[in-house]
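The block underneath contains the structure these notes are about, expressed in structure tokens.
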Amino acid sequence: MTTHPEFLLADLDTFEAGPPWQVFADLRANDPVRWDAEEAPNHGFWSITRYHDIVKVLRDSETFSSEAGTANLEELDQEQMDARRSMLETDGPRHRSLRRLMQDNFTPKAVLGYETFLRGLTATTLDAALAHESFDFVKEVSADFPIRVLARMLGVPDGDTAQLINWGNRMVGNTDPEHTDVLPTSEESEKYRLLPFKSPAALEVFDYGFKLKAEREGKNGMDLVSKLVNTLPSDGVPLSDVDFRSYFLLLVVAGNETTRHAISHSMNALIDNPETMVLLQQKPELIPWAVEEFLRFGSPVYHFRRTATKDVEMHGKSIKKGDKVVVWFASGNRDSDVFADPDRFDVTRNPNEHMTFGRGGPHMCLGNALARMEITIMFETLLPRIKKIERVGEVDRLRSNFVNGIKRFPVKVTLV
Ligand code: HEM
């Protein structure tokens, strides 16, 4: 891809060295509704970078629809949209009934039911990692942990989690040549055009999901798959096979990479701010608050996309019906109109109404309470065990403008 400035946020090179905070700051100040060109066959998109504008877009789902397009930059024809639609690409009453199917399982109260399991899992993960002085923090600590929790919720055997991790990497990391089987820009990817992320890994996830469905249909299991196959959505329309497989795939991918990267970014921020680490070691009761700053500062999801359903003006720009409108959560999280000194990592920041999980729209992250609990327990368990932690190599980043991901970062730890 070219590095022509027209392609600024479409160009993965812009994200090569990490989040382009300065680019976001310049856009917020000078061009808050910017047209980003894209290479054909894509048509370009509007980039919304200010916090309050992002909130406006998220809350006005009639004008800025999820259903009229996809959640990311890919442009699909009707056949592809119909084959790939999940609740993330659904609006209105159908979206609400799909979301309601799982909503009760993800409330702060419901996820507390996994607390004991999570504390045990975190301790085991850390025991294994901290048995070595030097290790890759992503591989040994962040990578497997979130998916093991989801595996438990979905009721899949522990032995299958490595497979789930592999599928997630291949799909969500599909713009990174190291992770993907088929780059979505390649000719070969056309064979997979009806699959999410144009990834053959999605077929494996579907097969796996349908096997679980067959096992659990008509039984009274308590896991998420049983609930999905045995509950009629509140609008009375049963889940089609496409609804089921898309829902299952969404549950597998949505909370896996995102939480992993959130944990990695949090650790990195603490390494860069050792005085904050000491503060949290001395006052562990601050950790749940600190997690909000971890999430704001790390911003593991760069953007989501909506599609305009009518012509609309924003900051003097004419957004046309059918245009892609991209909300850059990562940029909103550094908006000085909302966050004082936004580039400062301040775990005592209060209030801290970040938009890492969206902010207030109908698609606000379903798993946010679970993610918050996972990150809190991870740092409540890890921090008392370490005296010193340092990076001993490069932070290796995912090649993506969608997920702000870290593939590897080597650390050396001194235990207390
Ligand atoms: C730190 C970790 C996470 C981050 C940063 C994150 C971020 C997001 C974002 C930005 C959205 C879209 C919000 C919007 O468009 O308004 C979203 C939606 C969603 N997330 Fe998360 N997420 C995380 C963890 C999880 C977990 C653990 C789950 C559990 C399965 C999960 C499940 C979902 C689902 C199902 C949706 C779609 C909701 C809908 O369409 O109504 N996420 N997430």
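The values are calculated or read from the model by the stated rules, or taken from the named source; none is laboratory data. What you see is a predicted model, and the numbers here were worked out from it, not measured in a lab. As a convention, Cβ positions derive from the backbone with ideal geometry for all residues, glycine included, and neighbour counts pool all protein chains shown.
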*asked:* Among the listed residues Lys324, Lys317, identify the single one that is more than 30 Å from Val111 (Cα to Cα), within 15 Å of the ligand (Cβ to nearest atom), touching a strand residue (DSSP E or B) at 6+ places or on another chain (Cβ under 8 Å) and modelled with pLDDT of 95 or more.
replied: Lys324
_Within region 19-46, take every residue that is small (Gly, Ala, Ser) and loosely packed, with under 12 Cβ neighbours inside 10 Å and give me the one that is farthest from Asn404 (Cα to Cα)._
Ala40
*Do we find a residue being more than 23 Å from Val325 (Cβ to Cβ), polar (S, T, N, Q) and in contact with an Asp or Glu (Cβ under 8 Å, 6 or more places away or on another chain) anywhere in region 78-96?*
no
*Picking from Thr309, Thr276, which residue would you name as being of a type in the set (S, T, N, Q) and within 25 Å of Ile386 (Cβ to Cβ)?*
Thr276
_Set Pro184, Pro200, Pro146: member being touching a Gly at 6+ places or on another chain (Cβ under 7 Å) and within 19 Å of Leu250 (Cβ to Cβ)_ = Pro146
*Residue list for region 52-71, restricted to those being within 11 Å of the ligand (Cβ to nearest atom) and either among the acidic types (Asp, Glu) or part of a loop (DSSP other than H, G, I, E, B) (or both)*: Ser61, Ser66, Glu67, Ala71
*Restrict the check to region 210-227 and report whether at least one residue is at pLDDT below 90 and on the phi > 0 side of the Ramachandran plot.*
no
*Is it fair to say Asp311 is away from the ligand (no atom under 11 Å from the Cβ) and under 30 Å from Gln281 (Cβ atoms)?*
no
*Any chance Met153 is of a type outside the set (Val, Ile, Thr), in a helix (DSSP H, G or I), at pLDDT 95 or above and within 14 Å of the ligand (Cβ to nearest atom)*: no
*Just one of (1) within 11 Å of the ligand (Cβ to nearest atom); (2) in contact with a Leu (Cβ under 6 Å, 6 or more places away or on another chain) trips up Ala83, so point out which.*
(1)
*Which of the residues spanning region 16-51 are in a loop (DSSP other than H, G, I, E, B), under 11 Å from Asp335 (Cβ atoms) and touching a Gly at 6+ places or on another chain (Cβ under 8 Å)?*
Thr49, Arg50
*asked:* Take the conditions part of a helix (DSSP H, G or I) and farther than 25 Å from Asp241 by Cα and apply them to Glu215. Does it pass?
replied: no
*Return yes or no: is Ser299 farther than 21 Å from Ser61 by Cα and buried (at least 23 other Cβ atoms within 10 Å of the Cβ)?*
yes
